[in-house]
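Visitor: Before I ask anything, let me first share the structure, which is written out below as structure tokens.
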Amino acid sequence: RDQDSGTRTRDSVTTLPDGRTATASSTRQRTEDGFTRNTTRTGPEGQTVNRDTVVTRDAESGTRTRDTVTTLPDGRTASTSVSNQKTDDGMTRSVTRTGPDGRTVTTDSVRNVDRDAGIAMRDTVTTLPDGRTASTAVVTERTDSGTLRTVTRTGPDGEQATRITETEFNRGGQATSD
């Protein structure tokens with residue numbers, strides 16, 4: 001670790017029961033607005049996976065982004081892009097994942113918290129490679145004795161399921177769920 005340059009490296013070797021080894025090497029470099037990280041893993045058969053990540057932060061706007069590209073042993077790549085944005089009462093999050101086959105899945109989430117009312121809400125919509133969508137709505141409410149959490153999931157074919165969990169806290173601070 002080099003504190004002055006903002007560089008941190010980590011190397012490891014794992015020896016398997018049969019004596020073969022796998023290695024991992026990671027270098028993280030601080031930047032003006034975040035960091036970069038390169039990780040290389042080599043399996044016992046010599047197959048190598050490389051992952052490059054760039055993270056940026058903008059404290060003024062409350063934005064954080066993370067972009068990762070993974071190169072597989074056969075040279076194909078997969079990528080993930082994540083963007084978080086703080087809002088006055090929560091945050092938004094957008095994730096785009098593209099697999100080595102070029103198919104893309106996106107997930108957009110909005111989280112809101114009303115501290116006075118004791119309610120937190122998260123709505124998430126996932127768009128699948130074929131354009132169909134699935135969604136999840138989570139509402140967590142503070143009660144006099146604990147919390148009440150309602151999760152409603154709607155699948156890409158319209159099927160819907162709801163789960164309600166009530167958690168009560170006893171005097172010792174232990175949680176019990178129904």
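The values are calculated or read from the model by the stated rules, or taken from the named source; none is laboratory data. Just so it is clear, the model here is predicted, and its values are computed rather than measured. Ideal geometry is used to build each Cβ from the backbone, glycine not excepted, and the neighbour counts take in all protein chains shown. Protein only, heavy atoms only, side chains kept; ligands, DNA and RNA dropped before computing areas. Shrake-Rupley method; radii C 1.70, N 1.55, O 1.52, S 1.80 Å.
Visitor: Given the options Arg132, Arg66, Arg28, state which has the largest fluctuation in a GNM of the chain using a 10 Å cut-off (strictly under) for Cα springs.
Guide: Arg132
Visitor: Could I ask something else about it? I want to check the label-to-label distance for Asp58 and Asp114. Put each point 7 Å from Cα in the C-beta direction and report it in nm to one decimal.
Guide: That separation, rounded to one decimal, is 3.0 nm.
Visitor: Same structure again: With an 8 Å cut-off on Cα pairs and a minimum separation of 6 or more residues, tell me the relative contact order of the chain in percent.
Guide: Computed over the chain, the figure is 8 percent.
Visitor: Under a point-charge model restricted to the Cβ atoms of Lys and Arg (+1) and Asp and Glu (-1), what is the dipole moment magnitude of region 1-97 relative to its Cα centre, in debye to the nearest 20?
Guide: It comes to approximately 220 debye.
Visitor: Three principal axis extents, largest first, for the C-alpha atoms of region 1-101, in Å?
Guide: Here the Cα extents, ordered largest to smallest, are 55, 40, 22 Å.
Visitor: Could you rank Val55, Val113 by how accessible they are, 1.4 Å probe, largest area first? Walk me through the numbers before you get to the answer.
Guide: Numbers: Val55 0, Val113 65 Å².
So, going from the largest accessible area down, we get Val113, Val55.
Visitor: With +1 on each Lys and Arg Cβ and -1 on each Asp and Glu Cβ, how big is the dipole of region 14-64 about its Cα centre, in debye rounded to the nearest 20?
Guide: For this selection, approximately 140 debye.
Visitor: With +1 on each Lys and Arg Cβ and -1 on each Asp and Glu Cβ, how big is the dipole of the chain about its Cα centre, in debye rounded to the nearest 20?
Guide: 500
Visitor: Determine the relative contact order of region 22-127: mean sequence separation of Cα pairs under 8 Å and six or more apart, normalised by residue count, in whole percent.
Guide: So the answer I get is 14 percent.
Visitor: Using the Karplus equation 6.51 cos²θ - 1.76 cosθ + 1.60 (θ = phi - 60°), what ³J(HN,Hα) coupling, rounded to whole Hz, does each residue of region 137-146 give in order, writing x for Gly and Pro?
Guide: Taking θ as phi minus 60°, the curve returns 10, 10, 10, 10, 10, 7, 10, 4, 10, x Hz for region 137-146.
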